[in-house]
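Chemist: Handing you this structure, nothing more for now.
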Amino acid sequence: MPDPTESASRRLLVRLRETLAEPAAGQERLDRITALIAEQMGTHVCSIYLFRDADTLELCATEGLKPESVHQTRLRVGEGLVGRVAKTARPINTGNAPQERGFRYMPETGEEIFSAFLGVPIQRLGERLGVLVVQSKEARQYSDDEVYALEVVAMVLAEMTELGAFVGEGEALAALHQRPVMFQGTVGQEGVAVGHVWLHEPRVVIANPIADDFETEMRRLHEAVDRLRVTVDEMLNAAPSGDKDQLQVLEAYRMFANSRGWKRRMEEDIARGLSAEAAVEKEQSAARARMQTVPDPYLRERLHDLDDLSNRLLRILTGQGEHTGAERPADPILIARNIGPGELLDYGRSLRGVVLEEGSVGSHAAVVARALAIPLIVNAQRITTEALNGDPILVDGEQGIVHLRPEETVATAFNDKIAMQAKAQQRYATIRKEPALTLCGQRIALHMNAGLMADLPSLESSGAEGVGLFRTELQFLVRSKVPKRSEVAALYARVMDAAEDKRVVFRTLDIGSDKVLSYMKPQDEPNPALGWRAIRVGLDRPGVLRMQLQALIRAANGRPLSVMFPFVAQLEEFRIARDHLMCEIDREGRLGRPLPEKVEIGAMLETPSMAFSPRQFYEEADFISIGGNDLKQFFFAADRENERVRRRYDTLNVSFLSFLEQIVKRCEDTGTPLSFCGEDAGRPVEALCFAAIGLRSLSMRPASIGPVKHMLRRSNLAEARAVIDTARASGAQSVRPAIMDWLRRRD
């Protein structure tokens, strides 16, 4: 460990703290800092470059370069040595800068006389803020101690930038967390929302990154690490002994908490002048930088564990727990890196929307968000580092866009959009009790999708004729162990009670793929969407399937029961699953329990193979529901979680409509009731086309029923079908342009 009394970085930090304490405007403070660093390190140049936007760096202060180049010299990320440091988040130390790969000469700075170059990133927890540079005339390599000293100073500059110490005129000196920022993410659940930020894990703020007393800071670190180790041991002792996966994660936690290398690096940071909190965050930033470059998923997960431990240690040191005393806004939009289904359910419908930095459209959080009908955006990168509690925020779940601290013109346009939607909803309310009867006399049954008891009031308010899909996996996803049969039966009974005489179709557990139960061993599969999931899990591990079927029979208590098996890929799977249900009915009968008055056994058609299944499948299934989300991704071989390809293929593609039409024809031939279930069913134009090719039942989220019904009641299906046929005959790739043109002319 370096001697704190001799540490060059410590001496520099003491001087830096004195400089920062002096009253000065942002630009003046930056100028003083560059002069101080150049003097203390014995270099001819010190420069600070800050981001003016996501792709551009601006020279904001310099000692040694031409003063007139300040705020005039700009570089793109990756451009020149400064741009390379910003892009890679790694230092560049060279004794001959002009000979270095990627060097770019900026004539307005007068830097042609300097050979040695050392640049380090100014970053905070993975958030890039700028680049700190020193240069010298002589050709020399800067020492390891000098590199470290500059990195420590850069870390302090990042903290002070976060605290607004360098605010001034111009984009590059604009206050952080005050500028409008737009994030492009991925739609996890449609809808729009206006509200204020509520952080799931409030960011720890370090008010003093420079140590006042070396020994005090070292003692604080040791005490906090000891408390952290005790906490991890308590978590290990409380973990279920049979849960090997949870134990494995906690063992990794304990390994990191007891890591001598991790602790030694933080001690060295303190010895060089940082406070205990700043030392923890410096190592955390380094871990996050490594996490972004490590290709191995296992190593990334371990670095994620270290990141989480660092957060826990910071909260111990600062006393800033998850509850900071901030008051939750009346219109909260939750911001988080990621979130589990149980945690999201705890928030419930109090949320206006959810924005995640990570996640996927098929994640547990997305499943719950859909059940709660809350707009959800995933993959909104960097939003947790940019957002603060209480910030105004707009969520556009139609386009996957988030506006944080929006400009007035953006907010006005967005509010106008919401007002138009609200006006339309009022119009839809007037036809809530009317049937979806087309101008040509065809009646289309509109059902809603659900997954929680809280969804059931929407049956009445939306005008849905029943529940076309009740997702039963939510009750399993939010628990740490398999729920009891009595608990599951009680829930299903309450669902049927709430639906009264309306039909509810219960889909058996659709788990696996991205919906892995916490108490279910994860499967290491190269393509989980095509792997061991849904009915495949149920047939291979029939214990849970049989328990669920028993619960459904008991919940019916003599009432009609509709059960649907998900992800059936061949006739034999349907037959075996159906036999399981019939065996449980026989068993319940022998036990003297009341049996359902009527049993309907159906299947979700989500794999193209079932469109070509033997006729017996269509004859034996009491009903079939097209699972549009999965069927479309398999039909086009386009992963719906891959943003590059998921929007590439249109639902109204001629080939896909022809494929659906084939399924409609086969069901018509056998008299098998058919419905379409999925996001596309809730889009009015798509719903119109489905009805035009013969689908007479659609199931969607409750909020979509009004718009779809409004469209159908104003449409003649024969005319829409003629438009589709004409477009198909013309060789068009999609019927959408033709249908949209017809609707515009019609209206």
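Coordinate-derived values only; no laboratory data. Note that the structure is predicted; figures quoted are calculated from it, not measured. When we count neighbours, we look across all protein chains shown, and the Cβ atoms used for this are built from the backbone with ideal geometry, even at glycine.
Chemist: Dipole magnitude of the chain about its Cα centre, charges +1 at Lys/Arg Cβ and -1 at Asp/Glu Cβ only, in debye to the nearest 20?
Modeler: On the way: 96 positive and 106 negative charges, 528 e Å.
Here the chain has a charge dipole of around 2540 debye.
Chemist: Evaluate the relative contact order of the chain (contact order divided by residue number), counting alpha-carbon pairs under 8 angstrom at least 6 apart; express in whole percent.
Modeler: Working: 1386 pairs, mean separation 74.9, N = 747.
Result for the chain is 10 percent.
Chemist: On to the next question. Please report the projected area of the range 8-173's Cα convex hull averaged over all directions, in nm². Can you show the working numbers first?
Modeler: On the way: hull surface 33.4 nm².
Averaging across all directions leaves 8.4 nm² for the Cα convex hull.
Chemist: Relative to the longest principal axis of the chain, what angle (0 to 90°, nearest 10) does the C-alpha long axis of helix 654-670 take?
Modeler: Roughly 30 degrees, rounded to the nearest 10.
Chemist: Taking neighbour counts of Cβ atoms within 10 Å as a proxy for exposure, in what order, fewest first, do Glu686, Glu343, Glu407, Glu58 appear?
Modeler: Values: Glu686 24, Glu343 16, Glu407 12, Glu58 21.
Final ranking by Cβ density, sparse to dense: Glu407, Glu343, Glu58, Glu686.
Chemist: I've got another one for you. Need one number: nm distance between label points at Asp233 and Ala422, each 7 Å from Cα along Cα→Cβ, rounded to one decimal.
Modeler: Label-label distance for Asp233 and Ala422, simple model: 5.7 nm.
Chemist: Sorted by average packing, counted as other Cβ atoms within 10 angstrom per residue and highest first, what order do 583-589, 740-746 take? The partial results should precede the final answer.
Modeler: Working: 583-589: 15.1, 740-746: 12.6.
Descending packing order for the listed peptides: 583-589, 740-746.
Chemist: Let me ask another. Assign unit charges at the C-beta atoms only (+1 for Lys and Arg, -1 for Asp and Glu), then state the dipole size of the range 8-173 relative to its Cα centre in Debye, rounded to the nearest 20.
Modeler: Values: 19 positive and 25 negative charges, 79 e Å.
Value, rounded to 20: 380 debye.
Chemist: Between Glu18 and Arg382, 0.36 nm times their residue separation minus their Cα-Cα distance comes to what? Mind showing how you got there, number by number?
Modeler: Values: separation 364, 0.36 × 364 = 131.04 nm, distance 3.23 nm.
Working it through step by step, the gained length comes to 127.8 nm.
Chemist: Then there's this: With labels modelled as points extended 7 Å from the Cα through the Cβ direction, what inter-label distance (nm, one decimal) is found for Glu434 paired with Glu597?
Modeler: About 3.1 nm separates the two model spin labels.
Chemist: Compute the helix-to-body angle for 276-291: its Cα long axis versus the longest principal axis of the chain, expressed 0 to 90° and rounded to tens.
Modeler: Taking the Cα atoms of the chain, the angle to 276-291 is about 60 degrees.
Chemist: Using the C-alpha atoms of the chain, what convex hull volume per residue, in cubic angstrom, is computed?
Modeler: For the chain, the hull spanned by Cα atoms encloses 183 Å³ per residue.
Chemist: What is the distance, in nm, between label points placed 7 Å from the Cα along the Cα-to-Cβ direction at Ala490 and at Trp532?
Modeler: 3.3
Chemist: Kindly identify the range 341-482 as rounded, prolate or oblate by the Cα gyration tensor criterion: order the square roots of the eigenvalues as a ≥ b ≥ c, call it rounded if a/c is under 1.5, otherwise compare a/b with b/c, prolate if a/b is larger, else oblate.
Modeler: Details: a/c = 2.49, a/b = 1.22, b/c = 2.04.
Oblate shape, in that a/c is at least 1.5 and b/c is the bigger or equal ratio.
Chemist: Here is a follow-up. What is the distance in Å between the Cα centres of the range 10-80 and the range 662-724?
Modeler: If we compute the Cα centre of each part, the gap is 63 Å.
Chemist: Taking the DSSP beta bridges in the chain as the whole, what percent of them are antiparallel, to the nearest 5? It would help to have the intermediate numbers written out before the result.
Modeler: On the way: 50 of 88 bridges.
For the chain, the DSSP antiparallel bridge percentage is about 55.
Chemist: Rounded to the nearest 5, what % of DSSP beta bridges with both residues in the range 434-746 are antiparallel?
Modeler: Details: 5 of 33 bridges.
In the range 434-746, DSSP labels about 15 percent of beta bridges as antiparallel.
Chemist: If one computes the Cα centroid of the range 541-559 and of the range 406-420, what distance in Å separates the two points?
Modeler: Value for the Cα centre distance between the two parts: 49 Å.
Chemist: From the P(r) of the range 541-581, could you give the percentage of C-alpha pairs in the tail past 15 Å? Present the calculation step by step, with values, prior to reporting the outcome.
Modeler: Numbers: 362 of 820 pairs.
Summing the P(r) of the range 541-581 above 15 Å gives 44 percent of all pairs.
Chemist: Relative contact order (percent) for the range 434-746, with alpha-carbon contacts under 8 angstrom and 6 or more residues of separation?
Modeler: This gives 20 percent for the range 434-746.
Chemist: Can you give me the relative contact order of the range 8-173 as a percent, contacts being Cα pairs under 8 Å and 6 or more apart?
Modeler: Details: 330 pairs, mean separation 40.4, N = 166.
Worked out over the range 8-173, it gives 24 percent.
Chemist: On C-alpha positions alone, give me the angle between the axis of helix 144-162 and the longest principal axis of the chain, in degrees, nearest 10.
Modeler: Here the helix axis deviates by roughly 60 degrees.
Chemist: Once every DSSP H run of n ≥ 4 in the chain is given -39500 (n - 2.57) and the sum is divided by its residues, what mean residue ellipticity at 222 nm do you get, rounded to the nearest 500 deg cm²/dmol?
Modeler: Working: 27 runs with 334 residues, N = 747.
Here the helix-only value at 222 nm equals -14000 deg cm²/dmol.
Chemist: Right, another one. Could you tell me what % of all Cα pairs in the range 434-746 have separations over 33 Å? Working shown, then result.
Modeler: Details: 12025 of 48828 pairs.
Tail fraction, whole percent: 25.
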